[in-house]
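The values are calculated or read from the model by the stated rules, or taken from the named source; none is laboratory data. On a predicted model such as this, the values are computed, not experimentally measured, just so you know. Note that each Cβ is placed from the backbone with ideal geometry, even for glycine, and that neighbours are counted across all protein chains shown. SASA here: full protein model, heavy atoms, side chains in, ligands and nucleic acids out. Shrake-Rupley method; radii C 1.70, N 1.55, O 1.52, S 1.80 Å.
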Amino acid sequence: MITKKLDFANLVTAIQDAHETFATRASKAINACLTIRNWLIGYHIVEYELQGTDRANYGDYLLDKLSAKLIRNGLKRMDIRELRRFRQFYTYYPQIRDSLNPEFKAAVPMMAKLALSEIRDSANPELKKDALKLDGCLLVDRLSFTHFVKLLQIESPLKRLFYEVESIRGHWSVNELRRQIATQYFERSGLSLDKEALAKIIHQGTEKQNPQHVIRDPYVFEFLGLKEQEVMTERKLEDALLDKIQNFLLELGHGFCFEARQKKLIIGGEHCFVDLVFYHRILKCHVLVELKNDTFRHENLGQLNAYVSYYKENQMSEGDKPPIGILLCTQKNQEMVKFALAGMKNSLFVSHYQLKLPPEAEMEAFIQQAMAELESMDSTE
């Protein structure tokens, strides 16, 4: 029997391998439990709507009353929108029944799937087609519930199946799935003469799902009963950099007033978090700051513009000027600062806002210096 040489390097490798293996298993277990729980909630709602003995007492207000009761009982994320989503999840993915353990499978009889066909046909006529479906166990094992939330927004079963397959094949993160849907990968693939070549290009450099994404998923941390501040903190270096940026802007004397950190926004039913939010007392507007430990990507600026637009529509008070965003990219030797204006005319920004904000070059130089300091501190610990 040949044994591996037991030296320090192999010790490190063995421990790291063990960590990665079980971290992945833990993330899959959490995802599976959350996904199946939400599917079962949808099942129970549909069954009650069809066979509940006192369902007539609630009528069209069933979900309103159910949501209120569940929230009073201490269950998180049980608003009406989510209950509708769970019901839709159950009706669109009947094959998930196959992933249940014997105890739960016995509680969800096959006859429920027959009644299901009528509901699904009325909800979406395309579903009458005998469409190919992925195995329920595979779906639960490889996709998080937040993946399913994105997939449920796709009307066409064929298009939804395409993104299911590609997400699994490419190990896509939720952000990557969102990005590929937004850039119409399905439509581009349909027009391509060499679909496999396009797929190879698409899957190169995509963001992969990893265990770190699980604990930052709002569905997961509410399911586990965690507080946002316990799960939304960035890694040590990035968090320390945000501290420095916050102090840098406050100490400039340009009118920045700190308002929030990791500010939660709900945009289109999605939970988003803005790294830093300031109110500028001279400009009389909000300034949103996003930090990306990466090179500049246009989708980062698009994301920040969405946050700025949300603030413009929902957070402006009388007398406020339109908000702006500042995107800070920290990739070494490629530090960059971009402003997100969300439709504001550039001439207005240059003439009014830019005079009161720190210059891009000054912010870029600060980020470069702060990164070097923090990396130096980290290497000496």
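Listing for the model above:
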quantity: Selected residue (only one of Ala9, Ala68, Ala106 is of a type in the set (Gly, Ala, Ser), at pLDDT 90 or above and open to solvent by 30 Å² or more (accessible area, probe 1.4 Å)); calculated: Ala68
quantity: Considering residues of the stretch 71-86 that are assigned to a helix (DSSP H, G or I) and either among the hydrophobic types (A, V, I, L, M, F, W, C) or open to solvent by 60 Å² or more (accessible area, probe 1.4 Å) (or both) only, the residue nearest to Gly42 (Cα to Cα); calculated: Phe86
quantity: Residues located in the stretch 18-49, provided they are over 18 Å from Arg97 (Cβ atoms) and within 25 Å of the chain's Cα centre (by Cα); calculated: His19, Glu20, Thr21, Phe22, Ala23, Thr24, Arg25, Ala26, Ser27, Lys28, Ala29, Ile30
quantity: Pick from the stretch 173-189, criterion open to solvent by 50 Å² or more (accessible area, probe 1.4 Å) and of a type in the set (S, T, N, Q), ranking: farthest from the chain's Cα centre (by Cα); calculated: Gln184
quantity: Ile36 being at pLDDT 90 or above and over 21 Å from Tyr93 (Cα atoms); calculated: no
quantity: Filter result for Lys200 (over 20 Å from the mean Cα position of the chain (by Cα) and not β-branched (Val, Ile, Thr)); calculated: yes
quantity: Residue within the stretch 50-63 that is of a type outside the set (Lys, Arg), under 27 Å from the mean Cα position of the chain (by Cα) and part of a helix (DSSP H, G or I) present; calculated: yes
quantity: Selection within the stretch 296-314 - open to solvent by 50 Å² or more (accessible area, probe 1.4 Å) and either on the phi > 0 side of the Ramachandran plot or free of Cβ contacts under 8 Å to residues at least 40 places away in the same chain (or both); calculated: Arg297, His298, Gln303, Lys312, Glu313, Asn314
quantity: Failed item in (1) open to solvent by less than 60 Å² (accessible area, probe 1.4 Å); (2) within 15 Å of the chain's Cα centre (by Cα); (3) at pLDDT 85 or above, with Val214 passing the rest; calculated: (3)
quantity: Residues that are over 29 Å from Arg178 (Cα atoms), part of a loop (DSSP other than H, G, I, E, B) and open to solvent by less than 60 Å² (accessible area, probe 1.4 Å), drawn from the stretch 254-273; calculated: Gly255
quantity: Residue count, the stretch 37-62 (criterion: surrounded by fewer than 18 Cβ atoms within 10 Å (Cβ to Cβ), in contact (Cβ under 8 Å) with a residue 60 or more places away in the chain and not hydrophobic (A, V, I, L, M, F, W, C)); calculated: 2
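To keep it simple, each residue is scored yes or no on (1) of a type in the set (Ser, Thr, Tyr); (2) more than 21 Å from Gly268 (Cβ to Cβ); (3) surrounded by 18 or more Cβ atoms within 10 Å (Cβ to Cβ); (4) at pLDDT 75 or above.
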| site | (1), (2), (3), (4) |
| --- | --- |
| Lys284 | no, yes, no, yes |
| Asp294 | no, yes, no, no |
| Met316 | no, no, no, yes |
| Asp320 | no, yes, no, yes |
| Cys329 | no, yes, yes, yes |
| Asn333 | no, yes, no, no |
| Lys345 | no, yes, no, no |
| Phe349 | no, yes, no, no |
| Glu381 | no, yes, no, no |
